Amino acid sequence: MMSGLAAACLAPPGLHAARADDGALTLLVAGPDGAQTSRWGDACALALQAALPGGPNLMTEPVGGLDGVTGANRLDALVVPDGKTAAILPGSALIAWLTGDSRVHFDPTRWVPLMAGGSSGVLVARLPAGAPPSLASLQAMSPLRLAVDQPQSNDLAALLALARLELRTAPVFGLRDTGQKSRAFAAGEVDAVLVSGENVPADIAPLTASGGVPVFSLGSQLADGSIGGDPAFPGLADATRFGGASSTFLDTAYRAAAAAARLDFMMVFPKLTDPGAIAQWQAAASNAIQMPGLVAAASASSINLQPAPVLAAALAALNLVPVEQSDLQAYLVKSFGWQPG
């Protein structure tokens with residue numbers, strides 16, 4: 001994390017330690033203490049403490065691994081919906097749910113949205129000499145060698161975006177992070193990389209230095225459910241405007257995967273939470289995302305802080321009917337021989 005988040009996380013001693021004498025609230029953090037989601041949890045907790053009525057103590061409770069699955073399971077199975085415990089989770093938990101990870105025992109489409117941190121996603125490719133960033137340019141490179149971690153990652157959005165454009169790809173799997181993908185791109189081992197998550201503008205720089213060109217983005221989520229252009233990349237078309245969909249199934253699957261990939265973190269309540277508590281926390285979250293400390297942290301990491309209605313629209317995009325989710329998982333098996341963990 002950059003300096004803005006570090007400043008926002010200057011928590012008083014005992015932020016992580018629950019105190020039973022003052023009716024403290026809890027923010028369940030789906031991830032290890034000190035990791036990325038945990039640091040956002042600390043920053044958001046401090047902002048919310050100042051915004052909630054009465055300034056209650058808001059303790060953070062880190063749970064589980066980096067992908068957020070354990071924390072999400074805890075949210076659905078063990079958190080009482082009394083408005084005293086919210087959760088902050090990474091978008092990777094949604095990817096695990098979409099792809100049918102066997103560890104998943106939660107349903108994110110029923111969570112109550114509070115706030116989120118949206119991130120960018122940009123496909124960068126080494127195009128033929130002098131070619132503009134267009135569908136025809138990508139078609140001329142068929143099959144496109146795409147750098148991929150695994151289907152159960154943000155790269156799922158890129159795989160589906162290219163599939164809906166009817167572009168043949170030859171995924172190069174096992175490139176787990178931006179550093180590995182950038183090195184493979186510089187070495188000419190791959191033709192394209194989806195850069196996503198935090199600090200996307202900075203992470204694109206090594207790729208452009210190696211001849212890469214931003215081709216399309218994953219866009220940005222709007223509160224009405226539509227997708228707008230990415231404000232960090234004005235003038236760059238999002239994948240749905242770059243070319244038409246080849247099938248309703250691929251279009252729906254892509255939109256769900258892109259919604260998950262655009263979420264760096266999300267804060268939610270479990271289903272059936274008391275409406276009064278929801279209203280209080282959503283109002284507090286709307287104030288918190290305007291506080292200078294949190295705004296500075298988000299700006300330093302190229303994150304767009306979003307209120308509850310925007311997160312609600314993102315979660316709605318994941319609300320596939322069972323047959324659509326099954327079709328997506330069958331497509332991954334057939335196309336890439338991939339089975340969820």
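Please treat every number below as a calculation from the coordinates, not as lab data. Keep in mind that this is a model prediction, so the values were computed, not measured. Note that we place each Cβ from the backbone using ideal geometry, even for glycine, and neighbour counts take in every protein chain shown.
Computed about the Cα centre, the dipole magnitude for the chain is approximately 480 debye when only Lys and Arg (+1) and Asp and Glu (-1) carry charge, each at its Cβ. Since only 223, 210, 254 are under comparison, the one whose Cα sits farthest along the positive direction of the charge dipole of the chain, derived from C-beta charges on Lys, Arg, Asp and Glu, is 210. Rg and Dmax, both from the Cα atoms of the chain and both in Å, are 19.9, 68.
Summing +1 for each Lys or Arg and -1 for each Asp or Glu among the other residues whose beta-carbon sits under 13 angstrom from that of residue 140 gives +1. Were the residues from residue 50 through residue 140 laid out at 0.36 nm apart, the gain over their Cα-Cα distance would be 26.9 nm.
Counting every other Cβ atom within 10 Å of each residue's Cβ, 233, 173 order from fewest to most as 173, 233.
Annotation: extensible slack from residue 202 through residue 290 equals 29.3 nm (criterion: 0.36 nm per residue apart, minus Cα-Cα distance). Ordered by the count of other Cβ atoms within 10 Å of each Cβ, fewest first, 137, 153, 92 give 137, 153, 92.
A full extension of the chain between residue 170 and residue 103 corresponds to an added length of 21.3 nm, given 0.36 nm per residue minus the alpha carbon distance. All C-alpha pair distances within the range 120-259, sorted into 10 Å bins from zero, spread as 13, 48, 35, 5, 0 percent across the bins. What net charge do the residues around residue 206 carry, taking every other residue with its C-beta under 15 Å from that of residue 206, with Lys and Arg at +1 and Asp and Glu at -1? Once positives and negatives cancel, what remains is 0. Bridgeable lysines around residue 271 (alpha carbons under 26 Å apart, same-chain partners fewer than 8 residues away excluded): 84.
Within the shell of other residues whose beta carbon sits under 12 angstrom from the beta carbon of residue 106, the net charge comes to +1, with Lys and Arg scored +1 and Asp and Glu -1.
For the range 227-334, the fraction of alpha-carbon pairs lying more than 21 Å apart is 51 percent, rounded to a whole number. Reducing the range 215-256 and the range 136-169 to their Cα centroids gives an inter-centroid distance of 15 Å. Considering helices alone, the calculated mean residue ellipticity of the chain at 222 nm is -12000 deg cm²/dmol, with DSSP H runs of length four and up weighted by -39500 (n - 2.57) and normalised per residue. On the basis of the beta-carbon distance and an R0 of 51 Å, residue 274 and residue 210 show a calculated FRET efficiency of 0.45. Round to the nearest 0.05 the FRET efficiency obtained for residue 319 and residue 131 when R0 = 45 Å and r is the Cβ-Cβ distance. Calculated value: 0.75.
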